[in-house]
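Here's a structure for you.
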Amino acid sequence: MSRNLDADAVLDLLRQTGTLQEGHFRLTSGRHSDRFFLMPHTFQYPEATERLCAGLAALFAADEVETVAGPATGGIILAYEVARQLGRLTGGHVRAVFTEKTEDGGMALKRQWSLRPGERVLMVEDAVTTGGSVSKAIAALRPYGPTLVGVGCIVDRSGGQVDFGVPLRSLVRVDVASWAPEECPLCREGIPLVKPKDQVSTRG
């Protein structure tokens, strides 16, 4: 299995798993777009997940990662598999943990898990747009005093507008165009509008 995935190969995998959908979509913001990512679809398929996580692990193979963390729920499978792939690449023992939501809207490291001061941690997320979940997950780890080596994601949709204070590395960067309904060219073309989260996608 090749760990070297270029951007086209990543997008092909996301299409095959039904993660990347192309058409005419109404976003949760009310704006319209020609592409939509349903990232949880990826993790239904172990082979695709393994390939993507191997590629992501390769981006941080030289960073001496001891623990991979991800925000629940999207980061749970991702953290586990990236940790496994890092262990394969480096020959080391890399563990995986995840943060969970708290009643006040933040996140916390629960289940009696802990980090030691200076522990080298990689934060992972399936996709980064505004960086909100990752920022909350990082804040949850900060009291333990670990060394955050970076943030890794499969899809970077941030357009360079997010700064975590550490390197952000992704398998693919995607600029997703969106329009106000009255300005949408897809509406003018008469292309049917769908709400992608209301659909059930199957693997192509």
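The values are calculated or read from the model by the stated rules, or taken from the named source; none is laboratory data. Remember, it's a predicted structure, so these values are computed and weren't measured experimentally. So basically every Cβ, Gly included, is an ideal-geometry build from the backbone, and we count neighbours across all protein chains shown.
Which residues, taken from the range 129-169, are in a strand (DSSP E or B) and either surrounded by fewer than 22 Cβ atoms within 10 Å (Cβ to Cβ) or in contact with a His (Cβ under 8 Å, 6 or more places away or on another chain) (or both)? Steps first, please.
Kept after step one, since they are in a strand (DSSP E or B), are these residues of the range 129-169: 147-156, 168-169.
147, 148, 149, 150, 168, 169 - these are the residues of the range 129-169 that are in a strand (DSSP E or B) and either surrounded by fewer than 22 Cβ atoms within 10 Å (Cβ to Cβ) or in contact with a His (Cβ under 8 Å, 6 or more places away or on another chain) (or both).
Between 74, 70, 87, 55, which is in contact with a His (Cβ under 7 Å, 6 or more places away or on another chain) and on the phi < 0 side of the Ramachandran plot? Before you say what the answer is, go through the steps one by one.
Numbers: 74 fails: in contact with a His (Cβ under 7 Å, 6 or more places away or on another chain); 70 fails: in contact with a His (Cβ under 7 Å, 6 or more places away or on another chain); 55 fails: in contact with a His (Cβ under 7 Å, 6 or more places away or on another chain).
Going through 74, 70, 87, 55 in turn, the sole match is 87.
Please determine whether any residue of the range 65-84 is farther than 16 Å from residue 172 by Cβ, aromatic (Phe, Trp, Tyr) and in contact with a helix residue (DSSP H, G or I) (Cβ under 8 Å, 6 or more places away or on another chain).
No, the range 65-84 has no match at all.
Which residue out of 165, 152, 87, 132 is without any contact (Cβ under 8 Å) to a residue 24 or more places away in the chain and under 13 Å from the mean Cα position of the chain (by Cα)?
Going through 165, 152, 87, 132 in turn, the sole match is 132.
Those residues that are within 20 Å of residue 9 (Cβ to Cβ) and free of Cβ contacts under 8 Å to residues at least 40 places away in the same chain, I need them from the range 53-76; list them, please. Walk me through how you get there before you give the answer.
Filtering the range 53-76 for residues within 20 Å of residue 9 (Cβ to Cβ) gives 53-61.
Selection gives 53, 61.
Just give me the residues in the range 1-58 being of a type in the set (Gly, Ala, Ser) and at pLDDT below 90, in sequence order.
Hits for the range 1-58 are 2, 29, 30.
Please determine, by comparing only the residues of the range 170-200 that are over 13 Å from the mean Cα position of the chain (by Cα) and assigned to a strand (DSSP E or B), which one is farthest from residue 14 (Cα to Cα). Lay out the reasoning, then the answer.
Here is the first cut: in the range 170-200, the ones over 13 Å from the mean Cα position of the chain (by Cα) are 175-200.
Add one more test, that the residue is assigned to a strand (DSSP E or B), and what stays is 178-179, 194.
On the way: 178: 20, 179: 23, 194: 19 Å.
Filtering first and then ranking leaves 179.
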